[in-house]
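J.: Please read through the structure below; I'll follow up with questions.
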Amino acid sequence: EIILAIESSCDETACSIIKDGKEICSNVVSSQINVHKKYGGVVPEVASRIHVENISVVIDEALKTAGITMNDVDAIAFTQGPGLIGSLHVGVQAAKTLAWAFNKPLVPLHHIIGHIYANGFVDELVFPLLALVVSGGHTELVYMKDEWSFDILGTTQDDAIGEAYDKVARVLGLPYPGGPAIDKLAKEGKAHYILPTPKTEKELDFSFSGLKSAVLQLIQREEKKGETIVPADLAYCFQETALDTLVNKTEKAVHEFKPKQVVLAGGVAANSRLREKMTETIGAIEGVHLTIPPLWCCTDNAAMMGAAGSVAYRHKLFGALDCSANPCKEIDC
Ligand code: ATP
Ligand code: MG
Ligand code: FE
């Protein structure tokens, strides 16, 4: 089957044509990073306006590159939520308009399920599966007993990991988005500072606001003493502490829930040190297959929504023409 997938939950306007769940016929992503960089983060109102300007062009381009027309499309998949309401709205309206005009079924999707199914481009997914979801808005351990079954084993009590990266980068004077900047700078750093290991009540939950505050306080303390911090060392120490909690908790969940496969998902999956640590620790556990998505499908794109859309299409999980964007969409609905 041929799925046309639309993604517009944050600051990427994206459309992709996916054949039989795996074959990428086209994958067009128009990123707004260069605009939001000026403000040090995504400005929601600006994001919505740019989506409006770009959405038709991106959809046209995706169809043209794939060499098909709307008549060849079997269903229209789109990100319904979570995300920025104004951004989501643009993609949802485009999807509904196409569905109505060309009489095609609609497949509404949860954005994070797309991040998880991106791994299907690399490996066959086997269940039970455990996903470590690490992105701008999420830090979760998701257990999939079977295809299209999602249980959240642990989640963040405060900041998401990507958010913590972006905030720490800002206090270090690095450009937005902070994740790739810290990833790069930390390679030149060493274990020079001591930062607190995050603690949570529930073993598989996460917390990053304490770590983020500790970085800020350390900078202020040194400034008071008239000293300056070494940014590369602080980036290194923040990153090691943050990533160790991710990997340790994933390891605990693997021993407790015994999945056959572990996958990494979300924008922070692009982090080179996290990929290394996951390979060293989780990749070494016997009986568990580790899959790490290629860099091109870690951050937001529509191909991943198409991969998830194909599975949802086969399960006949269709939406009505009057469905709307849901910024707080839950993963199990
Ligand atoms: P969500 O998926 O939770 O809705 P989002 O879609 O805004 O959030 P993604 O596009 O999935 O987020 O990921 C963006 C995040 O990934 C940003 O916080 C960015 O800093 C982070 N990121 C990207 N590359 C890296 C990297 N190499 N190291 C660390 N973080 C990274
Ligand atoms: Mg983005
Ligand atoms: Fe995302």
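J.: Test each condition in (1) basic (Lys, Arg); (2) under 20 Å from residue 298 (Cα atoms); (3) at pLDDT 95 or above for residue 49 and report the one that comes out false.
T.: The number of the failed condition is (2).
J.: Counting only residues that are in contact with a Phe, Trp or Tyr (Cβ under 7 Å, 6 or more places away or on another chain) and not in a loop (DSSP other than H, G, I, E, B), which one in region 78-112 is nearest to residue 10 (Cα to Cα)? Spell out the reasoning first.
T.: First, pick out the residues of region 78-112 that are in contact with a Phe, Trp or Tyr (Cβ under 7 Å, 6 or more places away or on another chain): 91-92, 95, 105-109.
In the following step, the residues that additionally are not in a loop (DSSP other than H, G, I, E, B) were identified as 91-92, 95, 106-109.
Working: 91: 10, 92: 13, 95: 16, 106: 21, 107: 19, 108: 16, 109: 15 Å.
The residue in question is 91.
J.: With the checklist (1) touching a Pro at 6+ places or on another chain (Cβ under 8 Å); (2) of a type outside the set (Asp, Glu); (3) part of a helix (DSSP H, G or I) in hand, flag the one item residue 268 doesn't pass.
T.: With respect to (1) touching a Pro at 6+ places or on another chain (Cβ under 8 Å); (2) of a type outside the set (Asp, Glu); (3) part of a helix (DSSP H, G or I), residue 268 is out only on (1).
J.: Here's another thing I want to ask about it. Condition test on residue 228, is it out of contact with any His (no Cβ under 8 Å at 6 or more places or on another chain) and either under 16 Å from residue 161 (Cα atoms) or among the basic types (Lys, Arg) (or both)? Steps first, answer last, please.
T.: Numbers: out of contact with any His (no Cβ under 8 Å at 6 or more places or on another chain): yes; either under 16 Å from residue 161 (Cα atoms) or among the basic types (Lys, Arg) (or both): no.
Judged against the criteria, residue 228 is not a match.
J.: Looking only at region 14-38, filter to residues that are in contact (Cβ under 8 Å) with a residue 60 or more places away in the chain and assigned to a helix (DSSP H, G or I); which one of those is farthest from residue 310 (Cα to Cα)? Can you show your working first?
T.: Initial filter on region 14-38 (in contact (Cβ under 8 Å) with a residue 60 or more places away in the chain): 14-18, 20-22, 24, 27-29, 33, 36-37.
Keeping just the survivors that are assigned to a helix (DSSP H, G or I) gives 33, 36-37.
Working: 33: 29, 36: 32, 37: 34 Å.
Ranking the candidates gives 37 first.
J.: I'd like the full set of residues that are within 16 Å of ligand 3 (Cβ to nearest atom) and surrounded by fewer than 18 Cβ atoms within 10 Å (Cβ to Cβ), limited to region 3-50.
T.: 31, 33, 41, 44 - these are the residues of region 3-50 that are within 16 Å of ligand 3 (Cβ to nearest atom) and surrounded by fewer than 18 Cβ atoms within 10 Å (Cβ to Cβ).
J.: Report, ordered by the first and then the second residue, all pairs with beta carbons closer than 6 Å, sequence separation of six or more or different chains, a first member in region 120-145 that is within 29 Å of residue 84 (Cβ to Cβ), and a second member that is of a type in the set (Asp, Glu) and crowded, with 20+ Cβ neighbours inside 10 Å.
T.: Note: pairs meeting the criteria are 133/140.
J.: Can you tell me how many residues in region 111-158 are closer than 19 Å to residue 306 by Cα, crowded, with 24+ Cβ neighbours inside 10 Å and more than 16 Å from ligand 2 (Cβ to nearest atom)?
T.: 5
J.: Does residue 147 count as acidic (Asp, Glu), outside any helix (DSSP H, G or I) and more than 16 Å from ligand 3 (Cβ to nearest atom)? Full working, then the answer.
T.: Numbers: acidic (Asp, Glu): yes; outside any helix (DSSP H, G or I): yes; more than 16 Å from ligand 3 (Cβ to nearest atom): yes.
Judged against the criteria, residue 147 is a match.
J.: Okay, next question. In region 260-281, what residues are away from ligand 3 (no atom under 16 Å from the Cβ) and buried (at least 21 other Cβ atoms within 10 Å of the Cβ)?
T.: Just the residues of region 260-281 that are away from ligand 3 (no atom under 16 Å from the Cβ), to begin with: 260-262, 272-273, 275-281.
Within region 260-281, 262, 278 meet the criteria.
Conditions (1) more than 19 Å from residue 116 (Cβ to Cβ); (2) among the polar types (S, T, N, Q); (3) at pLDDT below 95, marked per residue:
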{"residue": "270", "(1), (2), (3)": "no, no, no"}
{"residue": "274", "(1), (2), (3)": "no, no, no"}
{"residue": "277", "(1), (2), (3)": "yes, no, no"}
{"residue": "280", "(1), (2), (3)": "yes, no, no"}
{"residue": "310", "(1), (2), (3)": "no, yes, no"}
{"residue": "318", "(1), (2), (3)": "yes, no, no"}
{"residue": "323", "(1), (2), (3)": "yes, no, no"}
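The values are calculated or read from the model by the stated rules, or taken from the named source; none is laboratory data. This structure is a prediction, so every number in the text was calculated from the model and none was measured. Here the Cβ is made from the backbone with ideal geometry for all residues, glycine too, and neighbour counts use every protein chain on show.
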